[in-house]
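Asks: Dumping the structure here so I can ask a few things about it.
A short reminder: the numbers here are calculations on the coordinates, not readings from a lab. Predicted, not measured: the structure shown is a model, and the values here were computed from it. All Cβ positions, glycine included, derive from the backbone under ideal geometry; neighbour counts span all protein chains shown.
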Amino acid sequence: MTDIPKLLCCAFLTAGAAVPAAGADLEAGRRIASSQCRTCHGLDGIAQIPVAPHLAGESAIYLQTQLKAFRSGTRKSEMMNVVAKDLTDEDIANVAVWYAAIKIRVEMPD
């Protein structure tokens, strides 16, 4: 027997992960990424250094959650805690929408 409430909850959570923050500003996100993120993560979301993750195509919700955790200190990273500490909720939403909006293409090997 299928647990319908659990399936519906998962469907709504999955659908919500792709929804950008209301009122987020893509251009403002690009500016923040250009000034504060590109050295490690690249303006295009492709990491420039081995220890930084790629951000292109990640969900805005995921990115916002992680940036807020870095800002509050609940997620520890010597570099990211410093970078995120002065970001406002609006800054976080904007940069998250910027990186989420970057289209990535996946190709299976032959």
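Asks: Check each of the trypsin sites (Lys or Arg not before Pro) in region 17-110 and keep only those in coil by DSSP with at most 16 other C-beta atoms within 10 angstrom; list them in order.
Replies: Hits after loop and neighbour filter: R75, K76, K85, K103, R105.
Asks: Please check which bits of region 26-61 a label hung off M79 would reach, taking the label as a point 7 Å along Cα-to-C-beta and the cut-off as backbone N under 17 Å.
Replies: Inside the label zone: 33-56.
Asks: What are the extents of the Cα atoms of region 32-110 along their three principal axes, listed from largest to smallest and rounded to whole Å?
Replies: For region 32-110, the Cα spread along each principal axis is 44, 24, 23 Å.
Asks: Based on the mean of other beta carbon atoms within 10 Å per residue, what is the order of 77-84, 46-53, most packed first?
Replies: The peptides rank, most packed first, as 77-84, 46-53.
Asks: Which ³J(HN,Hα) values, rounded to whole Hz and listed in residue order, are derived for region 92-102 from phi using the Karplus coefficients 6.51, -1.76 and 1.60 in 6.51 cos²θ - 1.76 cosθ + 1.60 with θ = phi - 60°, glycine and proline given as x?
Replies: 4, 4, 5, 5, 5, 5, 4, 5, 5, 6, 6
Asks: How many percent of all Cα-Cα pairs in region 69-110 sit more than 14 Å apart?
Replies: The proportion of pairs with Cα distances above 14 Å equals 60 percent.
Asks: Gain in length, D44 to A101, computed as 0.36 nm per residue apart minus the alpha-carbon separation, to one decimal in nm?
Replies: Taking 0.36 nm per residue and subtracting the Cα distance, the gain is 19.5 nm.
Asks: Taking the alpha-carbon distance from K103 and a cut-off under 13 Å, which aspartates and glutamates remain once sequence neighbours fewer than 8 residues away in the same chain are dropped?
Replies: Hits, sequence-local ones excluded: D44, E58.
Asks: Multiply the residue gap between L26 and V51 by 0.36 nm, knock off their C-alpha separation, and tell me the result in nm, one decimal place.
Replies: 6.4 nm
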